[in-house]
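Here the structure is laid out as structure tokens; the discussion comes afterwards.
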Amino acid sequence: MGFNDLDLSERLLIARRGTAYFAQRLAELTDEELAEPTPLTGWSRKHLVAHVGYNAAALCRLMDWAATGTPTPMYESTEQRGREIEEGSTLNAAALRNLFTHTVARLDEKWRHLPSSAWSAEVRTAQGRLVPSSETAWMRTREVWIHAVDLGNGGQFGDFPPVVLDSLFDDIVGMWRRKELGAGLVLEVEGREPVAVVPESDAAVKVSGPLASMVRWAAGRGAVGLTSGADVTPPHWL
């Protein structure tokens, strides 16, 4: 069973658990540590926290779209999104923490008050996909769990709920296939049948390991705990 097969209440609960997980990692950082770099090229922890905060605000706009029927895009443009994150990274630590707390609360309020009929209303993601507004639960889940690891102070993919790991694995492989990436790449999660990213291509490279390690590697967060293929660079995902 994948994430989107769960009842909506369960999906929202997992997203909220991920938010709490991120918030805990954030609370453990000193104000000075927020200025330190992350593994994400060009981003400090301040950039990352600003991104996660403004992502919640962007999802609030999709909730408004679903509730009113008036198109309200996540971002005006890719450039606007980038400027927002850069400006957010210049906030002092107290303001940045407040930004995160405030936008999280706003998103949760909009989730709680969205009419049941509006959860099937179509909205458009930043990548241009039309999806039901219920997809925001997965969009947020993906953001908070993965970026909690990116903070670099103890978050681990092994802490993720199994359904999140399974769905991330499927999401990433599905994205590679849509982009026609990963020919010859075979993924072997412990205890499962191997998966060829491009089924009709000749198997050339195998990457194997526990599910959490495989998802970490596939998401571009490093080869930790793999049993083979640690030197293989995964295709770009998002």
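The values are calculated or read from the model by the stated rules, or taken from the named source; none is laboratory data. If you're wondering where the values come from, they're calculated on a predicted model, not measured in any experiment. Note that each Cβ is placed from the backbone with ideal geometry, even for glycine, and that neighbours are counted across all protein chains shown.
Checking the condition surrounded by 20 or more Cβ atoms within 10 Å (Cβ to Cβ), modelled with pLDDT of 95 or more and closer than 18 Å to Ala27 by Cα, which residue from Leu168, Leu151 passes?
On inspection, the qualifying residue turns out to be Leu151.
Regarding Leu181, is this residue in contact (Cβ under 8 Å) with a residue 24 or more places away in the chain and either part of a helix (DSSP H, G or I) or under 21 Å from Asn4 (Cα atoms) (or both)? Reasoning before the result, please.
Values: in contact (Cβ under 8 Å) with a residue 24 or more places away in the chain: yes; either part of a helix (DSSP H, G or I) or under 21 Å from Asn4 (Cα atoms) (or both): no.
When the stated conditions are applied, Leu181 does not pass them.
Tell me, which residue of the stretch 1-55 that is outside any helix (DSSP H, G or I) and of a type in the set (Val, Ile, Thr) is surrounded by the fewest Cβ atoms within 10 Å (Cβ to Cβ)? Result: Thr41.
Going through the stretch 92-120 one residue at a time, which ones are hydrophobic (A, V, I, L, M, F, W, C) and over 23 Å from Arg81 (Cβ atoms)? Once the filter is applied, which keeps residues that are hydrophobic (A, V, I, L, M, F, W, C) and over 23 Å from Arg81 (Cβ atoms), the stretch 92-120 yields Ala94, Leu114, Ala118, Trp119.
Pairing each residue of the stretch 160-173 that is within 17 Å of Glu10 (Cβ to Cβ) with any residue that is among the hydroxyl-bearing types (Ser, Thr, Tyr), provided the two are 6+ apart or on different chains, yields C-beta distances under 8 Å for Val164/Thr141. Of the residues making up the stretch 75-95, those that are in contact with a Lys or Arg (Cβ under 6 Å, 6 or more places away or on another chain) and buried (at least 18 other Cβ atoms within 10 Å of the Cβ) number 1.
Condition (residue is hydroxyl-bearing (Ser, Thr, Tyr), out of contact with any helix residue (DSSP H, G or I) (no Cβ under 6 Å at 6 or more places or on another chain), at pLDDT 95 or above and assigned by TED's automatic domain parsing to the domain that holds Ser117) applied to the stretch 69-90: is it met by at least one residue?
So in the stretch 69-90, the residues hydroxyl-bearing (Ser, Thr, Tyr) come out as 70, 72, 75, 77-78, 89-90.
From what is left, the residues that are out of contact with any helix residue (DSSP H, G or I) (no Cβ under 6 Å at 6 or more places or on another chain) are 70, 77-78, 90.
Pick out the ones that are also at pLDDT 95 or above and you get 70, 90.
This time we only want the ones that are assigned by TED's automatic domain parsing to the domain that holds Ser117, so: 70, 90.
Taking every residue of the stretch 69-90 in turn, at least one turns out to be hydroxyl-bearing (Ser, Thr, Tyr), out of contact with any helix residue (DSSP H, G or I) (no Cβ under 6 Å at 6 or more places or on another chain), at pLDDT 95 or above and assigned by TED's automatic domain parsing to the domain that holds Ser117.
State yes or no: is Val104 within 23 Å of Met175 (Cβ to Cβ) and either in contact with an Asp or Glu (Cβ under 7 Å, 6 or more places away or on another chain) or assigned to a helix (DSSP H, G or I) (or both)? Considered against the rule, which asks whether it is within 23 Å of Met175 (Cβ to Cβ) and either in contact with an Asp or Glu (Cβ under 7 Å, 6 or more places away or on another chain) or assigned to a helix (DSSP H, G or I) (or both), Val104 comes out as no. With respect to being among the β-branched types (Val, Ile, Thr) and touching a residue at least 24 places away in the same chain (Cβ under 8 Å), Val149 fits the description. Within the span defined as the stretch 215-227, every residue fails to be surrounded by fewer than 17 Cβ atoms within 10 Å (Cβ to Cβ), assigned to a helix (DSSP H, G or I) and touching a residue at least 12 places away in the same chain (Cβ under 8 Å).
Only one of the numbered conditions (1) assigned to a loop (DSSP other than H, G, I, E, B); (2) of a type outside the set (Lys, Arg); (3) touching an Asp or Glu at 6+ places or on another chain (Cβ under 7 Å) is violated by Ser208, and that is (1).
Condition check ((1) touching a His at 6+ places or on another chain (Cβ under 6 Å); (2) of a type in the set (A, V, I, L, M); (3) closer than 22 Å to His47 by Cα) across all residues:
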{"site": "Gly88", "(1), (2), (3)": "no, no, yes"}
{"site": "Leu96", "(1), (2), (3)": "no, yes, yes"}
{"site": "His102", "(1), (2), (3)": "no, no, yes"}
{"site": "Val123", "(1), (2), (3)": "no, yes, no"}
{"site": "Arg140", "(1), (2), (3)": "no, no, yes"}
{"site": "Gly155", "(1), (2), (3)": "no, no, yes"}
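Picking from residues in the stretch 123-138 that are touching a helix residue (DSSP H, G or I) at 6+ places or on another chain (Cβ under 9 Å) and free of Cβ contacts under 8 Å to residues at least 40 places away in the same chain, the one that is farthest from Ala15 (Cα to Cα) is Arg129. Say whether the condition of being hydroxyl-bearing (Ser, Thr, Tyr), in the same structural domain as Glu84 (by TED's automatic domain parsing) and either surrounded by fewer than 17 Cβ atoms within 10 Å (Cβ to Cβ) or assigned to a helix (DSSP H, G or I) (or both) is met by at least one residue in the stretch 123-130. There is at least one residue in the stretch 123-130 that is hydroxyl-bearing (Ser, Thr, Tyr), in the same structural domain as Glu84 (by TED's automatic domain parsing) and either surrounded by fewer than 17 Cβ atoms within 10 Å (Cβ to Cβ) or assigned to a helix (DSSP H, G or I) (or both).
The residues on offer are Ala105, Ala58, and the sole one that is aliphatic (A, V, I, L, M), within 25 Å of Arg17 (Cβ to Cβ) and surrounded by fewer than 14 Cβ atoms within 10 Å (Cβ to Cβ) is Ala105.
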